[in-house]
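Enquirer: Take this structure, written in structure tokens, and hold onto it; I'll ask about it next.
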Amino acid sequence: MASARQVLCLCALLCVPRVRCEPIRYSVAEEGESGSVVANVAEDAGLTPAQLSARRARIASADGRQHFRLERATGRLVLAERLDREEMCGRSLTCTLAFELLLENPLQFFRVEVAVEDVNDHSPVFPEERVTFQIPERGDPGSRFPVEAAQDLDVGSNSIQAYTIAPGNDYFTVSPRIKGSSDIYVELVLEKPLDREEQPEVLFSLIATDGGSPPRSGTTQIHIIVLDANDNAPIFTQEVYVVQVLENAPAGFVVLRVVATDPDVGLNGDISYGFSQAINASHLPFTIGAISGEIRVTKPLDFESKEKHELRVRATDGGGLSALCKVLVEVVDVNDNAPEVVISSFSSPLPENTEPGIVVAVFAVRDRDSGVNGEISCALEDQLSFSLRPAYKNYYELVTMSTLDREETAQYLVVITAADAGSPPLTTTQTFTVDISDVNDNAPVFNQTSYTMYVQENNIPGVLVGAVSAADSDAGPNAKVTYSLRPVHPTERDPCSCISVNSENGHVFVLRPLDYEQVRQLEVLVSATDAGSPPLSTNITVCLLVVDENDNAPLVLHPAQDSSPPSSELVPASAEVGDLVTKVVAVDADSGQNSWLSFHLLRATDPGLFAVGSQNGEVCLRRPVTERDAVKQKLEVLVRDNGRPPLSATAALNVLLLNGLSQDHLPQQELAVQDEDSSLTIYLIVSLVFVSLLFLTSVTAFVACKVCKRKELKGGHVLYGTGNLQSSLAAGAAAGTLPHAYCYEINLTTGSGNSEFKFLKPILPSVPPQHSGTGRGVGDTEDFPPIPNSMGDAALDISGTPSVGHFNGLPFN
């Protein structure tokens, strides 16, 4: 039969994985030492010690007391404390301690019942060490005198088995009596009449012996006082009184009135009531009236602590005769206990990427009330992210219902309400504070879609030009943002070395001086990266615009200022007012208003003879030529730009006033001058076309050279290579000038109507030219390659002498 029962339980366990169909039962003797082994519960449950540890096995009992302890390493069930069967179960014939073996992942329960076996560890004890009876003389043999039976906390064979009287007594014998099903008391039976005159007092011992091995015994002294005849004892109307009272009965409430009668008259018929000496009246929640026999409530009653109160009432007449009755007070339960929530496990914080269906908490609900008052229901208040799921009996699981987002809600307050079915119902709330831990699921976000910053050319190295800022909605290390530069194009190995960004605060610095005439705009890619694992990043483009400064003085192209001797313009003495003598041509490498040029006559041999156009630089006659005017006139024209502060250059020219030229020569001369201006313009346009073509060719060769040299470099951002460029720079520095991209020679003669441009040869890529005024001096170089402007960079060599200048797409004046 045992084998068949185990097979049936195994089948049921396979069908219902959470609950074992039949409890696992053990027995253990009381008074065992703490740590004593009860049984191997893992083996009986079909589990291994490794499973107990992995599934966090633990013991859960309804009353919360832990009488046993589970050793996960061995699977043994051991005593957690010394067991006292009498303290736990009283005089109950059976004493069973029930609890659940709880396992997680998946949730599974095994009910375990341990029967505590009684040992003979208590001796019989009489409630009174000395019992006194007043017995009248001439009492009839066979009269019986009740004595409170001895109490033995042990049960079964270890309880009291016999009562005896010590030898030397001839008047009494002992006779046990049973009232009801289990009420035992002892009667002393008078064997022969007492004679007060012969023996006024009788003393002897009453012995109670239990059935243990070895047996234990207890004694009480019996004191008999012989009185004159009072031959009727009080008699109760009932031997057992049973009454029910609500546990919320107020103090002073009358529970019951006991009544005893005595047929004697006079003093022998006066009856008084009191609780038996076997009961400690100070601990009772009741009191009894000595004359009325009314039993009243004195202290609050608690059904959950004690459901029944058993009272012993003695009625004694004036002659000393007495009688005993039993009063059984049953406490009726009322709904005075709110449900309790007992948490078994709780997980917090939860990562925000937790999937739905994860168990957050396991808890049990219980109510100390009984019946309908102890029926409990649980509900979750206004919560969409979590739900309750019944687990086993009164256990519930709190599980996630949807995905969690810490950036939306960092903490959840989950309120669970447990309510009983009493009237009115009592409720209890339990709040679970579920914190959500951060996961790096948000990349940094810049506060702008793009950044534009400005820097003045010729800036100080390391100047701050602006800052980028990005924020990360994550928390902790996942929200710490660092900044770095990235190559703008995937093919580039390194980012621009002219710009750096502070990794902590995003400040952008320009590391080297910039020249507007070479670099007008730079674009870099700034990356904001968080400290998560793996890190997330966002890139943004920063455009750096170079603001032009007036750092280039005007350059005079015509007349040439480095020729020796200077060329002379021929003017006939018959020329009229307003006739064009010559035109000063100059350019400025700056842009905007810094390149707007104005012309002024600085000094002249005869200041009133000539006038200079402030916008076009044309030198004209201001008055007719007279005989008193010197033949050779020296003029000095000031060319000034519109910068702040303005820069300037001077042009020196000679004018010869000639007599004897025919009148017919003047128109031809003027026509020649006009043809000369027209030819000069044509030649300039043709020169610019050739310069552009040559510039494109040189750029192509330069890019090809850079690609070839980059393959040979191992690290660092090399702006210039070695070889011919280095030797050319060294040779230029030794000569006091630097080489330029393209050089041209302009030959201007006074007698011809045409000007000639002589193409020399292209030279290596240009370096910054020498400037006058406050511009950069000879030999200054940039640390980055030049960026060509729309017209190309070129140098003009006027009258065969090297001179430095840039065209930069600016109009000639």
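The values are calculated or read from the model by the stated rules, or taken from the named source; none is laboratory data. This one's a predicted model, so the numbers in the text were calculated from it and none came from an experiment. Note that each Cβ is placed from the backbone with ideal geometry, even for glycine, and that neighbours are counted across all protein chains shown. Note: accessible area is taken over every heavy atom of the protein model, side chains too, but ligands, DNA and RNA are not part of it. Shrake-Rupley method; radii C 1.70, N 1.55, O 1.52, S 1.80 Å.
Enquirer: Just give me the residues in segment 422-449 being open to solvent by 60 Å² or more (accessible area, probe 1.4 Å), over 30 Å from Asp333 (Cα atoms) and not β-branched (Val, Ile, Thr), in sequence order.
Expert: Residues of segment 422-449 that are open to solvent by 60 Å² or more (accessible area, probe 1.4 Å), as a first pass: 423-425, 427, 429, 431, 441, 445, 447-449.
Then keep just the ones that are over 30 Å from Asp333 (Cα atoms); that gives 441, 445, 447-449.
Matches in segment 422-449: Asp441, Asn447, Gln448.
Enquirer: Cβ-Cβ below 9 Å, separation at least six or inter-chain, first residue in segment 86-109 and without any contact (Cβ under 8 Å) to a residue 60 or more places away in the chain and part of a strand (DSSP E or B), second loosely packed, with under 11 Cβ neighbours inside 10 Å and of a type in the set (A, V, I, L, M, F, W, C): which pairs?
Expert: From residues that are without any contact (Cβ under 8 Å) to a residue 60 or more places away in the chain and part of a strand (DSSP E or B), there are no pairs.
Enquirer: Another question, if that's okay. Quick test of your reading of the structure: Arg138 fulfils all but one of (1) at pLDDT 85 or above; (2) farther than 25 Å from Arg312 by Cα; (3) over 59 Å from the mean Cα position of the chain (by Cα). Name the failing condition by number.
Expert: Only one criterion is unmet by Arg138, namely (1).
Enquirer: Please specify each residue of segment 585-615 satisfying the condition of being closer than 30 Å to Ser574 by Cβ and aromatic (Phe, Trp, Tyr).
Expert: Of everything in segment 585-615, those that are closer than 30 Å to Ser574 by Cβ and aromatic (Phe, Trp, Tyr) turn out to be Phe599, Phe610.
Enquirer: Still on this structure, I have one more. Give the residues of segment 116-135 that are out of contact with any Phe, Trp or Tyr (no Cβ under 7 Å at 6 or more places or on another chain), modelled with pLDDT of 85 or more and open to solvent by 10 Å² or more (accessible area, probe 1.4 Å), sorted by residue number.
Expert: Those that are out of contact with any Phe, Trp or Tyr (no Cβ under 7 Å at 6 or more places or on another chain), modelled with pLDDT of 85 or more and open to solvent by 10 Å² or more (accessible area, probe 1.4 Å): Ser123, Val125, Phe126, Pro127, Glu128, Glu129, Arg130, Val131, Thr132, Gln134.
Enquirer: Can you tell me which residues in segment 250-268 are over 21 Å from Leu301 (Cα atoms) and modelled with pLDDT of 85 or more?
Expert: In the first step, residues of segment 250-268 are kept if they are over 21 Å from Leu301 (Cα atoms); the result is 259-268.
The answer is Val259, Ala260, Thr261, Asp262.
Enquirer: Next question, about the same structure. Go through segment 508-540 and count every residue that is assigned to a strand (DSSP E or B), open to solvent by less than 60 Å² (accessible area, probe 1.4 Å) and within 20 Å of Leu464 (Cβ to Cβ).
Expert: Here the count works out to 10.
Enquirer: Something else now. Every residue in segment 438-483 that is aliphatic (A, V, I, L, M), in a strand (DSSP E or B) and more than 30 Å from Glu549 (Cβ to Cβ), please. Talk me through it step by step, then tell me what you get.
Expert: Here is the first cut: in segment 438-483, the residues aliphatic (A, V, I, L, M) are 439, 443, 445, 453, 455, 460, 463-465, 467-468, 470-471, 475, 479, 481.
Narrowing further to those that are in a strand (DSSP E or B): 445, 453, 455, 463-465, 467, 470-471, 481.
Matches in segment 438-483: Val445, Ala470, Ala471, Val481.
Enquirer: Here is a further query. What residue, among those in segment 601-615 that are open to solvent by 60 Å² or more (accessible area, probe 1.4 Å) and not aliphatic (A, V, I, L, M), is farthest from Val546 (Cα to Cα)? Walk me through how you get there before you give the answer.
Expert: Our first condition is that a residue be open to solvent by 60 Å² or more (accessible area, probe 1.4 Å); within segment 601-615, this holds for 602-603, 605, 607, 615.
Retained after the next criterion (residues that are not aliphatic (A, V, I, L, M)): 603, 605, 607, 615.
Numbers: Arg603: 38, Thr605: 44, Pro607: 43, Gln615: 28 Å.
Result: Thr605.
Enquirer: Among (1) more than 25 Å from Ser347 (Cβ to Cβ); (2) over 16 Å from the mean Cα position of the chain (by Cα); (3) open to solvent by less than 80 Å² (accessible area, probe 1.4 Å); (4) not hydrophobic (A, V, I, L, M, F, W, C), there is one condition Thr417 misses while meeting the rest; what is its number?
Expert: The one condition Thr417 does not meet is (1).
Enquirer: Please indicate, with yes or no, whether at least one residue in segment 5-17 is more than 30 Å from Leu153 (Cβ to Cβ), of a type in the set (S, T, N, Q), open to solvent by 70 Å² or more (accessible area, probe 1.4 Å) and at pLDDT below 85.
Expert: Step one: of segment 5-17, the residues more than 30 Å from Leu153 (Cβ to Cβ) are 5-17.
With the extra rule that they be of a type in the set (S, T, N, Q), the set shrinks to 6.
Going one step further and asking which of them are open to solvent by 70 Å² or more (accessible area, probe 1.4 Å), we end up with 6.
Narrowing the set further to residues that are at pLDDT below 85 leaves 6.
Checking segment 5-17: at least one residue is more than 30 Å from Leu153 (Cβ to Cβ), of a type in the set (S, T, N, Q), open to solvent by 70 Å² or more (accessible area, probe 1.4 Å) and at pLDDT below 85.
Enquirer: Right, next: Among the listed residues Asp333, Asp367, identify the single one that is under 48 Å from the mean Cα position of the chain (by Cα) and either more than 30 Å from Asn230 (Cβ to Cβ) or at pLDDT 90 or above (or both).
Expert: Values: Asp333 fails: under 48 Å from the mean Cα position of the chain (by Cα).
Just a single option satisfies the conditions, and that option is Asp367.
For every residue, the table says whether it meets (1) within 30 Å of Ala528 (Cα to Cα); (2) open to solvent by 30 Å² or more (accessible area, probe 1.4 Å); (3) modelled with pLDDT of 85 or more.
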site: Leu545; (1), (2), (3): yes, yes, yes
site: Asn550; (1), (2), (3): no, no, no
site: Ala553; (1), (2), (3): no, no, yes
site: Ala560; (1), (2), (3): no, no, no
site: Pro565; (1), (2), (3): no, yes, no
site: Leu580; (1), (2), (3): no, yes, yes
site: Val585; (1), (2), (3): no, no, yes
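Enquirer: Kindly indicate the residue of segment 290-312 that is assigned to a loop (DSSP other than H, G, I, E, B) and open to solvent by less than 20 Å² (accessible area, probe 1.4 Å) and also modelled with the highest pLDDT among those meeting that condition. Step through it out loud before you land on a result.
Expert: Going residue by residue through segment 290-312, those that are assigned to a loop (DSSP other than H, G, I, E, B) are 290-293, 298-307.
Filter again for open to solvent by less than 20 Å² (accessible area, probe 1.4 Å), leaving 293, 301.
Numbers: Gly293: 92, Leu301: 89.
In this case the residue turns out to be Gly293.
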